[in-house]
1. I need the P(r) histogram for region A:1-83: all alpha carbon pairs, bin width 10 Å from 0 out to the longest distance, whole percents.
2. Label points 7 Å out from Cα along the Cβ direction at B:ALA17 and B:MET29: separation in nm?
3. Excluding B:LYS14 itself, what net charge comes from residues whose Cβ is under 12 Å from its Cβ, given Lys and Arg +1 and Asp and Glu -1?
4. I'd like the distance separating the alpha-carbon centroids of region A:94-141 and region A:1-65, in whole Å.
5. What value, in deg cm²/dmol to 500, does the helix sum -39500 (n - 2.57) over DSSP H runs of n ≥ 4 give at 222 nm once divided by the residues of the protein assembly as shown?
6. Hey, any idea what the orientation-averaged projected area of the convex hull of the protein assembly as shown's Cα atoms comes to, in nm²?
7. At 7 angstrom along the Cα-to-beta-carbon line, where would the label on B:PRO78 sit relative to the other copies? Give the distances in nm, shortest first.
8. Provide an ascending nm list, one decimal, of label-point separations from B:GLY169 to the equivalent residue in each further copy; define each label point as 7 Å from Cα along Cα→Cβ.
There are 2 protein chains.
Amino acid sequence: MREVTGSVAAALPKAAAVFAARGLDGTRMEDIVDATGVPRPTLYYYFSSKEEILAWLLRSLLSDLAVDVAYIVGRDEPARDRLGAIIAAYLQLFADHRDLCAVLLTDLGRITRIPVLADATWAAFHEPVRKLLDDGEHDGSLCGTDDDLTASAIYGAVTMVGLHHILTGKPVDPPAMSQRLDHLILHGLTPAPERTIR
Amino acid sequence: MREVTGSVAAALPKAAAVFAARGLDGTRMEDIVDATGVPRPTLYYYFSSKEEILAWLLRSLLSDLAVDVAYIVGRDEPARDRLGAIIAAYLQLFADHRDLCAVLLTDLGRITRIPVLADATWAAFHEPVRKLLDDGEHDGSLCGTDDDLTASAIYGAVTMVGLHHILTGKPVDPPAMSQRLDHLILHGLTPAPERTIR
DNA sequence: CTAAGTCTAGACGCGAGGTCTAAACAACGT
DNA sequence: ACGTTGTTTAGACCTCGCGTCTAGACTTAG
């Protein structure tokens, strides 16, 4: 794969909507040509396959996320606050890149068969969360027993909430949604004592 | 699509492993022939497409789940207990049908473009959970503000935990996992002392 | 024994991915 | 101005796999 720059790199994001609408296998090369205006031979000059085009789009998305997440993880705050910040950052990604997030998640199986993306998706969210849960046990701001399971649960919860909003066409409002998710993850669904007493 | 019975119906589940390994679009008709022993023309005698074969497999899976879930939802128990039972039932499905669950979730995008399956996946889990959350507010066993978001979060959490176990080859232990998830969903991650004070 | 329905073999058309050739075009140093 | 190198494009081509079709074999019922 050659380095992609200039007009081609600028035009490729237009293909995201097509991938989101039809999925990787459902998207024809001609669809990408139509969406981007880049002729077919030019696409094959830069990429060796359709799959590689999508991988290029998703890699940039995931590396951006990884940078944000790494910064948050490194901050000097209680783990529970950093956890909330990561959730907000992840939801922000959904808000900013609806199409690419939709492809990433709805074509998850297809994508996790591309090794570089399988690692990237995992490293961008699951691993940092697992580390934060571990930190939280030590600084006392979180409690937990099975970090791996808990990290998966949090990852799944945030992901599905974002995906649901995207697939149903609802706008993604990161502050409001992350506040609710944060509360759910920290306090659960047990009614507050005050409320039951009343 | 003709009604599928007898030896063909008995052999088809063998195709689940192939679908799980390669995905819907990555599975060739010949792979299904090899896995099941059913000749190609016979498959096209019963089904009009490859997609229909997978749909047939998944429909039976989802209808079984829907039956279990409907029974649990109708029980005369506090909503929080019924919620726990549904989570356990869902994880049991993962344990009993690893391959089909893997296809269902990793090829989610491909599958939600098949209308009958899109509805079935939603109806089998998300809707019942949402109803239970609503019940829980009325019987006082659960608290919540945004049932739709919460239902998505729970659905995502349970799904990702199960999927993670399946994809990493770990055994799915429904009682242990649902107990942990249940605790997480009810009490969250806030350490115990702080919770009792507040 | 016929008739209807079930099952199977093998050949075919076709669409889409990806390769190849060759030509047009741009940028560059000499 | 001129070759050189790399970029971009058109169009023909090959291959693979889906789904169709014809036709025949086998099974069961009337």
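1. 16, 42, 19, 15, 8, 0
2. For the pair B:ALA17/B:MET29, the computed spacing is 2.4 nm.
3. Values: positive: none; negative: B:ASP31, B:ASP34, B:ASP99.
So the environment of B:LYS14 carries a net charge of -3.
4. 22
5. Values: 26 runs with 290 residues, N = 396.
Roughly -22500 deg cm²/dmol at 222 nm, from the helical runs in the protein assembly as shown.
6. Working: hull surface 85.0 nm².
One quarter of the hull surface, i.e. the mean projection, equals 21.2 nm².
7. 2.7
8. 4.5
Bear in mind that the values in this text are calculations on the coordinates, not laboratory data. Keep in mind that what you see is a predicted model, and the values were worked out from it rather than measured. Heads up, the Cβs are rebuilt from the backbone with ideal geometry, glycines too, and the neighbour counts pull from every protein chain shown.
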